[in-house]
Amino acid sequence: MQTRGVDVFYGDAQAIKAVDLDIYARTVTAFIGPSGCGKSTFLRALNRMNDTIEICRVKGEILLDGYNVYGKGVDPVEVRRRVGMVFQKSNPFPKSIFENVAFGLRIAGMKDKNEVAQRVEESLKGAALWDELKDRLEESALGLSGGQQQRLCIARTLAVRPDVILMDEPTSALDPIATARIEELLRELKQEYTIVIVTHSMQQAARVSDYTAFFYMGELIEYGDTETLFTRPSQKKTEEYITGRFG
Amino acid sequence: MNYTRKDWLLAGLSGTALLIILALLAVLLGQIVMHGAPTISGEFLSGSPTADMTGGGIWPAIYGTVFMTLLMTLAGVPVGIATAVYLTEYASSRSRMAQLVRVAVNNLAGVPSIVFGLFGLGFFVLFVGGTLDTMVYGEGTAPVWGKPSILWASLTLAVLTLPVVIVTTEEALRQVPKELREASLALGATRFQTVYKVVLPNAVGGILTGVILAVSRGAGEVAPIIFVGAANFLPYLPTDLRDMFMHLGYHVYALATQSPNVDAARPTLFGTVLVLLTLTFSLNFLAIIIRSRTRATRT
């Protein structure tokens, strides 16, 4: 995925200014920056989730396999099928575990029962949930622990087989053990998926990502491979942020 | 907890207010049950009234009330739910149209019910019915559609209950968390799929509660149907949408004021009130059960 000169506005306020960014396939890219820097807004622009907010406008190009997702005649529904999203607060549907994962398949029109069941199993395995939950598939998803709910949301996203998975602070509501499991999962998922994760924790970015983008006040200050950015940042702002002088 | 003097005063005042309300309700219900219960019998529930309305049963009124309530629900509820879905899920929050509809709905809710009756007479009976008659049968013939009937009464009450349905449905839809909508959209659902598969199923308890409360209010209304279809005395059951019908509420009014012998009609009167109350109370009770059930499953 590439973005070219992307601006995002909320009404008259500009939240994101001219961001050019290349996201590489089958890597984990982390967006870091202080609260309110626009990293989540930018993430939500990538799969047109911002379309649901009336006053939000996006300018510039966001290219997925060379096609602009904001181009004329592009269906945002199609974009979201290819670019899935996991949210800050786990948000399972008040249905069974099985139906949560099957939701994306059913709305895409998959009817064959065996096919659905197979995909659900595959997705739960992909999210490292199968062994824990295979005997509880008919139970309500709301009975799961926070960490399990969040991994269920990941499984639900995997079921649609997107190319890119966007994660908006997926572990901010979880305890350290649940967080560690999700981070471990990210390392496995990047074998097959392109992952973009917004995080408020620099340690997390350093642990899981291959590339890191530092945002500040709606601008992309620095972008590069994670190790370089954290050890030898080229911008003064980045250095100040990662050494904890502000933010 | 320790009460100060002011607390005692306030607790005393509010407690007294509570007791007054409870006592009023108890006396009211007690009177009705005491005078009405002896009248209730299989014959009373299944028979037709006698010509002077002092005896006989009230089956035509029960049947008419239920029939009218069903028609009213069929006509009003889908429109109300659809309007609420449009207002919360589709209309832009800045849309003039949506704002106008909301203002209209709120004003509609404040209109006295007798005015709905006049509206029903003017619009449904005379305008819609009358126009149908001239179109089908030509000028100056005896009215077929253009006279009071169960159809027009049901439609009038449907309009009356519309604001309640719309407001409660909107409320129920708004209670569905934004996160669930986003989850659905992020999985590639269209807006319609999100409404149909996520929002409506999660709001169904609230919507049903609202619908039942609206229906129970409509079932007990008398004023609007005086002009548009309720009959004073009709020993047979309505078989056609264009027939007039008897109604429990209206029957009470008729027994109390129009009967040739009001004193002789009193037992029938109380019996009828008891049946009407039982009907509307059971609807309310159903609403309470549904509400508590959906609350229990949502946590």
When every residue in the range B:152-181 that is of a type in the set (A, V, I, L, M) and within 14 Å of chain A (Cβ to nearest Cβ) is compared, the one farthest from B:GLY120 (Cα to Cα) is B:LEU180
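Every residue in the range B:69-98 that is among the polar types (S, T, N, Q), within 14 Å of chain A (Cβ to nearest Cβ) and assigned to a helix (DSSP H, G or I), please. Step through it out loud before you land on a result.
Going through the range B:69-98, the residues among the polar types (S, T, N, Q) turn out to be B:69, B:73, B:83, B:88, B:92-93, B:95.
Right, trim to within 14 Å of chain A (Cβ to nearest Cβ) and you get B:88, B:92-93, B:95.
The answer is B:THR88, and nothing else.
Looking only at the range B:17-67, count every residue that is of a type in the set (Gly, Ala, Ser), assigned to a helix (DSSP H, G or I) and surrounded by 14 or more Cβ atoms within 10 Å (Cβ to Cβ) and tell me the total.
Going residue by residue through the range B:17-67, those that are of a type in the set (Gly, Ala, Ser) are B:17, B:23, B:26, B:30, B:36-37, B:41-42, B:46-48, B:51, B:55-57, B:61, B:64.
Of the ones still in play, those that are also assigned to a helix (DSSP H, G or I) are B:17, B:23, B:26, B:30, B:36-37, B:42, B:46, B:61, B:64.
Now drop any that are not surrounded by 14 or more Cβ atoms within 10 Å (Cβ to Cβ), which leaves B:36, B:61, B:64.
The total comes to 3.
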Here are B:SER48, B:SER14, B:SER41: which of them is in contact with a Gly (Cβ under 8 Å, 6 or more places away or on another chain) and among the small types (Gly, Ala, Ser)? B:SER48
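Matching residues to (1) β-branched (Val, Ile, Thr); (2) in contact with a strand residue (DSSP E or B) (Cβ under 9 Å, 6 or more places away or on another chain):
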position	(1), (2)
A:GLU219	no, yes
A:TYR223	no, yes
A:GLU239	no, no
A:THR243	yes, no
Taking the range A:54-97 on its own, how many of its residues are basic (Lys, Arg), touching a residue at least 40 places away in the same chain (Cβ under 8 Å) and either away from chain B (no Cβ under 13 Å) or within 22 Å of A:TYR24 (Cα to Cα) (or both)? 4
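Quick check on my filter: what residues within the range B:182-210 are more than 17 Å from A:ASP75 (Cβ to Cβ) and more than 9 Å from every other protein chain (Cβ to nearest Cβ)? It would help to see each step written out before you state the result.
Restricting attention to the range B:182-210, the residues satisfying the condition of being more than 17 Å from A:ASP75 (Cβ to Cβ) are B:182-183, B:195-210.
If the condition is that a residue be more than 17 Å from A:ASP75 (Cβ to Cβ) and more than 9 Å from every other protein chain (Cβ to nearest Cβ), then B:VAL195, B:TYR196, B:VAL199, B:LEU200, B:ALA203, B:VAL204, B:GLY205, B:GLY206, B:ILE207, B:LEU208, B:THR209, B:GLY210 are the ones that fit.
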With the requirement that a residue be loosely packed, with under 14 Cβ neighbours inside 10 Å and in a loop (DSSP other than H, G, I, E, B), what does the range A:121-145 give you? A:LYS134, A:ASP135, A:GLU138, A:GLU139, A:SER145
Going by the conditions given, is A:ASP175 modelled with pLDDT of 95 or more, more than 14 Å from the chain's Cα centre (by Cα) and closer than 25 Å to A:PRO34 by Cα? no
Top-ranked residue in the range B:145-181 [being farther than 25 Å from B:VAL66 by Cβ and in a loop (DSSP other than H, G, I, E, B); ranked as farthest from the chain's Cα centre (by Cα)]: B:PRO177
Residues within the range A:13-39 that are within 22 Å of A:LYS190 (Cα to Cα), buried (at least 22 other Cβ atoms within 10 Å of the Cβ) and of a type outside the set (A, V, I, L, M, F, W, C), tallied: 2
Is it fair to say B:ARG242 is part of a loop (DSSP other than H, G, I, E, B), surrounded by fewer than 19 Cβ atoms within 10 Å (Cβ to Cβ) and charged (D, E, K, R)? yes
Could you tell me which residue of the range A:194-204 is farthest from A:ALA25 (Cα to Cα), considering only residues that are buried (at least 22 other Cβ atoms within 10 Å of the Cβ) and at pLDDT 95 or above? A:VAL198
Being farther than 18 Å from A:ALA102 by Cα, surrounded by fewer than 24 Cβ atoms within 10 Å (Cβ to Cβ) and either more than 13 Å from chain B (Cβ to nearest Cβ) or in contact with a Phe, Trp or Tyr (Cβ under 6 Å, 6 or more places away or on another chain) (or both) is the filter here; which residues of the range A:146-177 pass it? A:GLY146, A:GLY147, A:ASP168, A:GLU169, A:SER172, A:LEU174, A:ASP175, A:PRO176, A:ILE177
From the option list A:TYR241, A:TYR216, A:TYR223, single residue qualifying as under 11 Å from A:ILE32 (Cβ atoms) and touching a Cys at 6+ places or on another chain (Cβ under 9 Å) is A:TYR216
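Yes/no matrix, rows are residues, columns are (1) over 26 Å from A:PHE93 (Cα atoms); (2) charged (D, E, K, R); (3) more than 13 Å from the chain's Cα centre (by Cα):
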{"site": "B:LEU185", "(1), (2), (3)": "no, no, yes"}
{"site": "B:ALA189", "(1), (2), (3)": "no, no, yes"}
{"site": "B:GLY218", "(1), (2), (3)": "yes, no, no"}
{"site": "B:ARG242", "(1), (2), (3)": "yes, yes, yes"}
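The values are calculated or read from the model by the stated rules, or taken from the named source; none is laboratory data. Here the structure is a predicted model, which means the values were calculated and not measured. Note: ideal-geometry Cβ built from the backbone for every residue, glycine included; neighbour counts use all protein chains shown.
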